[in-house]
Structure formats: C-alpha cells, structure tokens
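Working notes for the structure below.
None of the figures in this text is laboratory data; all of them are computed from the coordinates on show. Remember, it's a predicted structure, so these values are computed and weren't measured experimentally. In this analysis, Cβ positions are derived from the backbone assuming ideal geometry, glycine residues included, and neighbour counts consider all displayed protein chains.
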Amino acid sequence: MTTERRTKTPPWTIEDSAELYGIREWGHGYFDVSAKGEVVVNLKDGKKTKPVSLAQIVKGLRDRGTQLPVLIRFGDLLRWRIDELNEGFASSIREAKYQGAYRGVYPIKVNQQQEVIDEITRYGRKYHYGLEAGSKPELIAALAYMHDPEAYIVCNGYKDEEFIDLALYAQKMGLQVIMVLEMPSELKLILDRSKKMGVRPTLGVRFKLSAESAGHWAGSGGDASVFGLNISQLMTVVDTLREEGMLDCLRMLHYHQGSQIPNIRAIRQAVTEAARVYCGLVQEGARMGILDLGGGLAISYDGFKGATSASSNYGTKEYCADVIEAISEVTAEAGVPHPDIITESGRAIVAYYSVLVINILDVNRFEPPTGSIELAKDAPALLKNLAELHEESLKNNNKLTRERLQEIYNDAVYYRDKLRTEFSYGKIGLRDRSLGEEMYWGVMTWVSGKLESVGHDGSQMDRMSAVMTDYYYGNFSVFQSLPDLWAIDQIFPVMPIHRLKEKPTRNAVLSDITCDSDGKIDKFAHGGQICESLPLHDPEIESGVDYMLGIFLVGAYQETLGDLHNLLGDTNVVSVSIENGKLKYRREQEGDSVSEVLSYVEYDPKDLATRFRNLAESAVVSNRITPTERREIMGAFEAGLRGYTYFES
Ligand code: PLP
C-alpha cells in the first residue's frame with residue numbers, strides 16, 4: 001500500500017506547465033499561467049494590475065465574429081517597456097551622479113505601426129522619448145507625430161536632397177533633428193542644402209567601432225559593417241567642418257553594434273571605445289554633447305539566462321548601469337563633460353507588445369506499433385530480422401546495457417536502409433516495406449525511451465526525436481507572421497494558451513498552412529533546452545473545440561517584414577486593454593481578404609470574377625452544369641474572394 005502510493009506520479013499542475021514552457025523566464029512578469037490553466041497577460045486596470053486570460057480574450061473576439069489567427073496587441077506592455085528603460089537610466093544616472101541626461105529614441109523600423117508611434121510619442125513625452133528614422137517615409141511619420149522640442153529625432157540611413165530639406169525645415173521649426181552621416185559623401189550635400197536654406201544643421205556621425213559583438217547581427221558593427229565611417233573618414237569630416245567654420249554643428253557620435261547583443265561584456269567594450277572616440281572629438285574642438293549607442297539591448301526569447309543568441313546574460317538595469325559607468329570612467333579620465341545618452345532600443349521596447357494566437361486545424365500523428373507484428377512464413381529475411389529486434393523491444397529487459405541498446409539501434413538502421421534499397425530494386429513489395437518501416441519505428445520509439453535509464457547520450461542517434469513526432473497544422477503562415485523564424489532561425493516562445501492543468505501527451509512540430517517545407521516551427525525552447533519538437537496536448541480535433549497556441553514576443557520586426565507567400569495575407573489584429581474589470585477591444589483591423597492579396601500581386605478581382613463566369617457559362621452551354629448550379633458556383637467564388645485568406649470555421 002505504502003509502496004504503491006510512493007511510486008504514483010503526482011498529478012500534473014499549472015506549475016508543471018509554467019516550468020515546461022518557461023513562461024516565467026521569457027514572460028518577464030507580463031505573462032503567466034492562471035489557476036484555471038490558461039495563459040494570462042497582466043494588464044492595468046486603473047491603478048491595479050490584473051491578469052487577463054488570452055483564451056477569454058479570444059472568446060470575446062469569436063463572439064464578435066473575429067476569426068483566428070489573430071494578432072493581439074497590448075498597449076500596457078508597450079508603456080511598461082518604455083518605463084523600464086527610461087527609469088532604468090534615470091536611476092543609474094542618479095546613483096552615479098551622472099551630469100548628462102538619457103534621451104532614448106525609438107527606431108521606427110522595428111514596428112512602424114501607427115498605433116506604436118502614436119503611443120510612444122504620447123506616453124513617452126514625460127521622458128522626452130524621441131524617434132529614430134532610417135528613411136524618408138519614416139522621417140515623414142516622425143515629423144507628423146513627434147512635436148516635443150526636448151526629444152530627439154535621429155535621422156540615420158541614406159539621405160537625398162528631399163530628406164535633408166525636410167530635416168532642416170523641422171529643425172527650423174524648433175525640433176531637435178540630428179542628421180547622422182552614414183557615408184563621407186553625405187556631408188557635402190547636407191552642407192550645400194543647409195547653406196541654401198540658411199540653417200546650421202545638427203550633425204551626428206556614425207562610427208565603425210573596432211569592437212565586434214556576438215549574436216546574429218554582429219556584422220552590423222565592427223570594421224566589416226556596411227554602415228558608418230572609419231577613423232580616417234571621421235577625421236576628414238572633422239577637418240572639412242573646421243575649414244567650413246562649422247565644427248559647432250557636430251553634436252553627436254553614433255554607433256550600432258547590432259541587434260540583440262547577448263553578452264554585456266561586448267556592450268561595455270563597445271561603449272568604452274565609443275566614449276574614447278567621443279572624447280577625442282571634443283578635444284578636436286567639435287561641440288558634441290550627445291553619444292548615441294544605437295540598438296542592441298537584448299531580451300530573452302528562449303527564457304535562458306545565458307548569452308545565447310536568443311537571450312542575454314543581463315537585464316535592463318544592468319545595461320543602464322554599465323553604460324553610465326563606462327562613459328563616466330572614460331570622460332573622467334579625459335576631463336570631458338558627460339554627454340547626453342541616446343539609445344535606439346527597438347526590440348526591447350516592442351517585442352512583448354504583440355501575441356499571435358492560432359488554432360490547430362489538423363494532426364498527422366506519429367504512431368508506432370504497440371504490439372507484435374505477424375509476418376507471413378515466407379516473409380523476406382530482412383523483415384524477419386526487423387521482427388526479431390521489434391520483439392526484443394517489446395520484452396521488459398531489466399538488464400539492458402548501453403552497448404546492447406546501441407547494437408539494436410545500429411541493426412535497425414541497417415535493416416531499414418537495406419529494406420529501402422531492396423524496395424527501389426523491386427525486390428521488396430510495397431506492403432512488406434510498410435511492415436518493415438512500422439517495426440523500425442517501433443524499435444526506434446523503444447530505443448529513445450530507454451536512452452535515459454540506460455545512460456546513453458543518444459548523440460549518434462541524430463535527429464531521431466525530430467522524426468518521431470506528430471505534425472500539428474496551425475492556422476498561420478510563418479512567412480507572413482514570423483519572417484525571422486524562417487529567415488534567421490529566430491526562436492519565439494510557443495505554448496498552448498489553455499488546458500494547462502492537463503499534462504501534454506504528444507510531441508509535435510508545428511507546420512503552417514503554406515505548402516512550403518520551410519513553413520514550420522521545429523525549434524522550441526522548453527524545459528531549459530532547445531528542442532526539435534514541443535510537448536502539446538492532443539488537440540481533439542473531432543471535439544470541434546479549438547486547441548489554441550500563443551506565439552509570443554512577436555512585436556518587433558515581424559509585422560512589416562512578413563510576406564505574401566502562398567498569398568496568405570495580414571492576420572486580423574486587435575488591441576486589448578481592461579477598464580473596470582471589463583475587456584476593451586480597440587482598433588480592430590480585419591486581416592487581408594483574398595481579393596486584397598490578389599490585387600497586391602496585380603490581379604483585378606472584377607476581372608477574375610468575369611473570367612470565372614465565362615468558364616461557368618461555357619459549362620452551362622455544354623450542359624456540364626445547370627444555370628442554377630452556375631449561380632451557386634459563382635456565389636462560392638465571390639464569397640471566396642471576400643473571405644479571409646486563412647482557414648475559416
Ligand atoms: N538602430 C539601428 C541603426 C539599427 O540598425 C537597429 C536594428 O538593427 C536598431 C537601432 C534597433 O536595434 P534593437 O532592436 O536591437 O534595439
């Protein structure tokens with residue numbers, strides 16, 4: 001009785017789910033699991049913070065007729081991120097008695113949506129939080145929204161005459177617009193235009209640091225970076241400005257190490273080098289006053305605490321403190337006043353802001369045989385060999401050794417490969433091949449289950465877990481909603497948003513609905529490691545109740561980089577907040593309709609309908625369909641044109 005109780009596995013709890021999916025690690029306190037077993041997002045209700053269930057939000061949307069997939073935005077999370085960064089710098093500045101100010105700018109390219117820019121300029125005003133524009137359209141958006149004379153508008157990127165004129169006009173009107181020289185040739189054009197307009201420009205210069213960082217975007221910094229001036233070009237700019245009597249216009253040194261810098265040491269190294277260059281420019285007689293560190297402040301997508309490319313070994317507080325300390329040290333040595341500090345933090349501000357919720361449409365299960373397989377007496381020898389291995393796997397062998405396990409694996413792979421070769425030479429029939437492969441997968445499933453107890457590391461059994469998995473088909477497009485996942489193997493947290501009181505019983509790769517083999521998620525951070533499949537619940541498709549997954553931290557870079565692969569368009573979008581305990585759905589935007597995406601690729605929906613109608617009419621004329629059927633068929637075609645590009649239920 002006592003033994004029995006001891007060996008019973010305790011029931012699965014929400015704590016187990018929280019740990020499995022690492023939500024408390026990557027969720028940054030914004031996301032958690034409720035006692036009901038649902039993912040909650042913490043939102044502000046008046047002065048209090050309240051957890052709101054994502055499943056509840058989706059239910060409200062469904063009741064209103066909004067279909068999945070849906071991108072849900074949380075303005076509260078955006079505001080908290082702005083607070084965290086600005087207050088982080090404010091407290092480090094206070095503690096270090098730093099004399100300059102922090103005046104962050106948000107790089108528009110990271111999420112250009114009007115709602116983001118509107119929120120940042122309104123809410124960020126108390127911090128004089130500015131904007132970074134990397135192109136003419138971004139500058140135009142910045143000028144329309146940023147009217148705080150104490151905030152900066154930093155202009156990076158290539159500049160033509162029109163861009164420069166706009167920046168100079170804005171400066172004339174009292175805005176603090178800084179034009180950053182990305183290439184030596186830009187200086188002449190800026191000086192010409194500013195002389196013509198009678199405005200002394202505020203100039204910055206982007207410098208190629210020698211310090212290189214790790215991470216995917218390391219190439220954005222260092223000697224090999226595409227952007228910025230090297231040291232001799234920098235000196236030429238200083239000399240030209242001096243000759244023109246305009247050294248007072250050079251106000252800012254800028255660098256950008258790359259996005260998502262995982263290691264704080266690299267950040268410290270870069271800021272130290274930049275501070276030395278800054279001091280050198282002051283000593284050359286430039287007016288200066290501002291040091292712009294670019295982007296790079298990392299967030300944890302995988303929930304790990306180390307310097308992995310999807311994570312970081314530091315937090316916002318440490319980042320702010322280290323930046324202030326490094327600049328203070330260098331400027332003190334050089335006897336140069338503390339500059340104002342700009343960072344162009346992008347993903348750290350907006351990544352948490354959006355969550356994509358999808359539903360699972362179908363499943364392709366990995367189901368190896370559970371019992372013996374009967375073979376015909378005259379079955380090929382190869383099949384009999386596989387059957388022997390399979391029988392051994394079905395016995396409860398307590399004395400199984402590491403060596404024997406390896407041997408069984410080797411033999412099974414050998415027989416399976418031979419089976420396939422013999423099949424292609426026509427020596428083995430289709431049904432026998434199928435039986436052989438079934439037994440092979442039975443053996444493999446058993447082998448993988450034994451690795452831990454037998455103490456085998458499984459390293460030679462490469463990619464076994466990636467194959468022995470279910471495929472869950474999710475209602476989304478990787479190319480439209482998660483382009484970085486496809487392009488650069490970015491990790492995003494993925495987990496069910498409900499049923500978290502239940503133990504997940506399946507392992508799955510998540511496929512999208514494009515017909516592209518790249519349209520899948522097969523890298524997940526869970527249980528403290530990167531795995532090729534994700535533990536999920538049986539989606540019980542037959543029940544008619546949706547099994548829903550959240551894909552988190554998709555607020556940075558994903559929305560506008562997405563493309564129309566397979567003509568799957570923008571998803572539905574909604575912004576959610578709470579007021580007096582009630583959910584508020586704002587700024588609902590319907591996703592692209594089929595006719596919209598077709599028109600993006602130059603089809604005229606009316607012409608498409610006419611062409612199809614002609615086909616239908618010729619079918620009527622040749623008696624293949626009746627006129628009534630033609631009406632029904634045309635109705636279906638036109639409804640299809642009006643419909644959502646994703647699966648509708
Ligand atoms: N500033 C510049 C010049 C950039 O190129 C980038 C992005 O690579 C950023 C800022 C934003 O970087 P992050 O999103 O890592 O903060």
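Annotations for the structure displayed:
- Burial order of peptide ranges 549-557, 314-322, 140-148, 56-64 (average beta-carbon count within 10 Å, highest first): 549-557, 314-322, 140-148, 56-64
- Tensor-based shape of the stretch 361-429 (alpha-carbon gyration tensor, a/c under 1.5 rounded, otherwise prolate or oblate): oblate
- For the stretch 429-467 versus the stretch 357-396, the inter-centroid distance based on Cα atoms is 10 Å.
- The order of Tyr278, Tyr415, going from fewest to most other C-beta atoms within 10 Å of their C-beta, is Tyr415, Tyr278.
- For the pair the stretch 279-317 / the stretch 504-580, the C-alpha centres are spaced 31 Å from each other.
- Between the stretch 118-143 and the stretch 222-274, the alpha-carbon centres lie 23 Å apart.
- Virtual spin-label span in nm between Ser91 and Ala639, 7 Å along Cα→Cβ: 5.7 nm
- Between Arg613 and Lys377, the modelled label-to-label distance comes to 7.2 nm, taking each label 7 Å out from Cα in the direction of the beta carbon.
- Gyration tensor (alpha-carbon) shape descriptor, the stretch 596-649, a/c threshold 1.5: oblate
- Fully extending the segment from Glu602 to Met197, taken as 0.36 nm per residue of separation minus the present Cα-Cα distance, adds 141.6 nm.
- For the chain, diffusion coefficient by Stokes-Einstein and Kirkwood Rh (Cα), 37 °C, 0.692 mPa s, µm²/s: 115 µm²/s
- Nitroxide proxy distance, nm - points 7 Å out along Cα→Cβ at Lys384 and Glu502: 4.6 nm
- When you restrict to C-alpha pairs under 8 Å that are six or more residues apart and normalise by the size of the chain, the relative contact order lands at 16 percent.
- Think of the chain as having a plus end and a minus end, set by charges on the Cβ of Lys, Arg, Asp and Glu; of Ala616, Ala332, Thr628, Ala332 sits farthest toward the positive end of this dipole.
- The helix-only estimate of mean residue ellipticity at 222 nm for the chain, built from DSSP H runs of length n ≥ 4 each weighted as -39500 (n - 2.57), is -13000 deg cm²/dmol after division by the residue total.
- Angle of helix 161-172 to the longest C-alpha principal axis of the chain, folded into 0 to 90 degrees and rounded to 10: 60°.
- Computed extension length for Glu329-Asn396: 17.4 nm, one decimal, from 0.36 nm per residue of separation with the Cα-Cα distance subtracted.
- Among the listed pairs Lys126/Lys584; Lys48/Lys317; Lys8/Lys399; Lys48/Lys520; Lys44/Lys501, those beyond 28 Å (Cα-Cα): Lys48/Lys520
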